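Student: Structure incoming, see below.
The values are calculated or read from the model by the stated rules, or taken from the named source; none is laboratory data. Computed from a predicted structure; not experimentally measured. Neighbour counts are summed over all protein chains in view; Cβ atoms, including those assigned to glycine, are modelled from backbone coordinates with ideal geometry. Ligands, DNA and RNA are stripped out before the accessible areas are found, and what is left, the full protein with its side chains, is counted by its heavy atoms. Shrake-Rupley method; radii C 1.70, N 1.55, O 1.52, S 1.80 Å.
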Amino acid sequence: MLVAVCAVAATTWLAVTGTSRAIRTQQGQSLRDDTRVYDTLIEYAATHTDWGGVQDLVVDLAERTGRAVTVTTAARTRIAGSEPHVRLPYRPTALLDPLRLDPVLSDAGPIDPRAVGPFLLPARDREKLRVTADRIASCLRGRGVAADVTTLPSGRPAIRPSLADGSVTCAAHLLWKPVPLERLPLAQVNELATDCMKRRGREGVKVNVDFSWSLMGKGPEDSDRAAQECVTEARREQLGSYVSPPVLLFVGDRDGPDTSGFHLSTENVTRIAGAAVLVLAVAAAVTTLVGRRLVRPLRSLIRAAEHPADETVRVPVTTRDEIGRLAAAFNDLTDRRERLEQQRKSLVGDVAHELRTPLTNMRSWLEAGQDGLTPVDGDLLALLLEEAVLLQHIIDDLRDLAAADARTLVLHREPLYVRDLLEQVVSAHRGTADPAGVELRIETAERLEADADRMRLRQMVSNLVCNAIRHTPGGGRVVLRARREGGDLVAEVADSGAGIDPADLGSVFDRFWRADKSRSRQTGGSGLGLAIVRKLAEAHGGSVSVESKPGAGSVFTVRLPQ
């Protein structure tokens, strides 16, 4: 993507720089021509009541601008045009309406100032007001104020720049006093604007002869905007019969819309072609270098993947991009495969060790009975039965773990009372706890309900209680707790035993793990109980954890989502 972006950007820059100046020049000229045509036709519309005599003006504008100018009605019926058969574009250039100026083509305000209508002054009034304006300007210049007299489209003189409040000493207010001819149309504007304001639920407005205004009374915050809109609408209604009706203006090329585009010179074509070849060569070189850099770690991955399965090979991680992450994932997969192989070998050894002990005992006693060294009586049968039960227990535990690993362990969830289940577990372990001097206690609500597999939940708690009794000295206690936290069922088995070394906490739930490194069975157990608890909790969608300090006991916590 980087190479492609750079190549496209370089070529585009060459093309754009070669044509941008011509485009700006053409657009500027077109805008000036369009503005010139628009302003001239707006002046015609502001001073005429119809478009009957605009044909000559349109032809003259077309000759001066070199553009095709066409004026049509709103239904695109031709009124005037410089080209008889020009094809009109889909959108008009502008709407010719002196009472609603286009803000893009004109900045004179909403109404063209040349549309004066009934405010056009006769020569006598113009001369009289001119004398007054010259006298006021002379007075202002005598006071050090720059003042020039200009004539508005209505024929009324005005002083520029606008007068400040301090200039009233020169009787400047007399310049804007309405003459008799202006009183009636000014009264009409005031009446229309006041009616508009009242329709909006506001006070009236007073319009002056220069079309400035002032509110009568106080109104809402948006009264100023409403007053300006009403004054503008009043003027439009008054001037509607004094100006030409709105029409559409089309300004374009004389031969119709130009689709040929900009033509580049031979020099420019050669320059762009040479630059494109150079960009292509650089892009090819960069792509080759980047490609070789990308392929190198891929080749390392291929060689590592082709090694025999019994060899452990890792690849170097040289980048942080997708290939680097792929190499890191390959190494992680290799590490996990190595750990799984070690666990498999360890599991085979552990299973062989666990099964060998009871089988060896059974074989030894059977051979002794066969040889007549030991009488075959009830004591021997009881001893053989105990070893067989132990062997069956180990096999059952392994079967449960295998089913959990294969995700074929079937759960039969049902509503149950947790305290009843805990009391059953305590009753089943009284025979082991009482002779050992270990107190069993239950701390949970009477009516705490849960949704779980009754047999598997009892198996989890029973394994934890059995483990706690085994590692709690006489005089100690084992407490069974259950509660609800955030919608989860939390069951705890806490003991006051010797605790677990912090270095061993990460291995507590491993299969065949015992705190006794000699793997002695003097304390009982196969080393599978806690591993089964973890698998059963995960089958319920939950988890099991342990907190322990040496000499302070341990707390095993089972959390099951409900």
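Student: Cβ-Cβ distance below 9 Å, separation of 6 or more or different chains: which pairs start in region 1-16 with a residue that is closer than 20 Å to T288 by Cα and of a type in the set (V, I, T) and end on one that is part of a helix (DSSP H, G or I) and at pLDDT below 80?
Tutor: V8/V279
Student: Sticking with this structure for a sec: Is it fair to say H471 is open to solvent by 80 Å² or more (accessible area, probe 1.4 Å) and more than 25 Å from I500 (Cβ to Cβ)?
Tutor: No, not satisfied.
Student: Right, something else. Within region 28-64, restricting attention to residues that are among the acidic types (D, E) and surrounded by fewer than 13 Cβ atoms within 10 Å (Cβ to Cβ), which residue is nearest to S244 (Cα to Cα)?
Tutor: D50
Student: Using beta carbons and a limit of 9 Å, which pairs, at least six apart or on different chains, have the first residue in region 364-377 and open to solvent by 60 Å² or more (accessible area, probe 1.4 Å) and the second one modelled with pLDDT of 80 or more and assigned to a helix (DSSP H, G or I)?
Tutor: Pairs that qualify, where the first residue is open to solvent by 60 Å² or more (accessible area, probe 1.4 Å) and the partner is modelled with pLDDT of 80 or more and assigned to a helix (DSSP H, G or I), are L373/E367; P375/G369; V376/G369; V376/Q370.
Student: Also: For region 95-118, which residues satisfy the criterion of being aliphatic (A, V, I, L, M), under 14 Å from P245 (Cα atoms) and buried (at least 16 other Cβ atoms within 10 Å of the Cβ)?
Tutor: L96, L99, L101, I111, A115
Student: Further, regarding this structure: Would it be correct to say that R314 is charged (D, E, K, R), out of contact with any Phe, Trp or Tyr (no Cβ under 6 Å at 6 or more places or on another chain) and part of a loop (DSSP other than H, G, I, E, B)?
Tutor: It is true that R314 is charged (D, E, K, R), out of contact with any Phe, Trp or Tyr (no Cβ under 6 Å at 6 or more places or on another chain) and part of a loop (DSSP other than H, G, I, E, B).
Student: Within 30 Å of E538 (Cβ to Cβ), surrounded by 12 or more Cβ atoms within 10 Å (Cβ to Cβ) and modelled with pLDDT of 80 or more: does that describe H412?
Tutor: no
Student: Suppose the filter is of a type in the set (K, R) and open to solvent by 40 Å² or more (accessible area, probe 1.4 Å); does R67 pass it?
Tutor: Here the answer is no, as R67 does not meet what is asked.
Student: Would region 298-313 turn up any residue that is open to solvent by less than 80 Å² (accessible area, probe 1.4 Å), β-branched (V, I, T) and either touching a strand residue (DSSP E or B) at 6+ places or on another chain (Cβ under 7 Å) or at pLDDT 80 or above (or both)?
Tutor: No.
Student: List every residue pair whose Cβ atoms sit under 6 Å apart, with the two residues 6 or more apart in sequence or on different chains, where the first one lies in region 154-169 and is modelled with pLDDT of 50 or more and the second, anywhere, is open to solvent by 70 Å² or more (accessible area, probe 1.4 Å).
Tutor: S154/L120; G155/R126; P157/R130; P157/T151; R160/D148
Student: Here's something else I'd like to know. With the condition kept exactly as written, say whether any residue in region 443-451 is surrounded by 19 or more Cβ atoms within 10 Å (Cβ to Cβ) and closer than 20 Å to K535 by Cα.
Tutor: yes
Student: Just the residues that are free of Cβ contacts under 8 Å to residues at least 40 places away in the same chain and hydrophobic (A, V, I, L, M, F, W, C), please, taken from region 449-495.
Tutor: Listed by number, the list holds a single entry, V479.
Student: Hey, another quick one. Residues in region 208-225: is at least one part of a helix (DSSP H, G or I) and either within 18 Å of P113 (Cβ to Cβ) or not charged (D, E, K, R) (or both)?
Tutor: Within region 208-225, one or more residues are part of a helix (DSSP H, G or I) and either within 18 Å of P113 (Cβ to Cβ) or not charged (D, E, K, R) (or both).
Student: How many of the residues in region 418-429 are touching a residue at least 12 places away in the same chain (Cβ under 8 Å) and open to solvent by 70 Å² or more (accessible area, probe 1.4 Å)?
Tutor: The qualifying residues number 2.
Student: How many residues are assigned to a helix (DSSP H, G or I) and either out of contact with any Pro (no Cβ under 8 Å at 6 or more places or on another chain) or of a type in the set (S, T, N, Q) (or both) if we restrict to region 115-124?
Tutor: Count: 2.
Student: Let me ask something else about it. If I filter region 192-203 for residues that are surrounded by fewer than 18 Cβ atoms within 10 Å (Cβ to Cβ), of a type in the set (S, T, Y) and under 60 Å from the mean Cα position of the chain (by Cα), do I get at least one hit?
Tutor: No, because not a single residue in region 192-203 is surrounded by fewer than 18 Cβ atoms within 10 Å (Cβ to Cβ), of a type in the set (S, T, Y) and under 60 Å from the mean Cα position of the chain (by Cα).
Student: Additional query: Could you grab me the full set of residues in region 170-209 that are of a type in the set (D, E) and either modelled with pLDDT under 80 or touching a Lys or Arg at 6+ places or on another chain (Cβ under 8 Å) (or both)?
Tutor: E203
Student: Take L391 and tell me if it is touching a Pro at 6+ places or on another chain (Cβ under 6 Å) and open to solvent by 20 Å² or more (accessible area, probe 1.4 Å).
Tutor: Yes: the conditions hold for L391.
Student: Another one. Would you point out the residue of region 125-153, among those that are modelled with pLDDT of 90 or more and assigned to a loop (DSSP other than H, G, I, E, B), that is nearest to A45 (Cα to Cα)?
Tutor: Selected residue: P153.
Student: Let me ask something else. Does region 29-47 contain any residue that is under 25 Å from L239 (Cα atoms) and either part of a strand (DSSP E or B) or under 47 Å from the mean Cα position of the chain (by Cα) (or both)?
Tutor: Checked against the condition, which is being under 25 Å from L239 (Cα atoms) and either part of a strand (DSSP E or B) or under 47 Å from the mean Cα position of the chain (by Cα) (or both), region 29-47 yields at least one hit.
Student: Within region 70-91, how many residues are open to solvent by 80 Å² or more (accessible area, probe 1.4 Å) and touching a residue at least 40 places away in the same chain (Cβ under 8 Å)?
Tutor: Looking only at that region, the number is 3.
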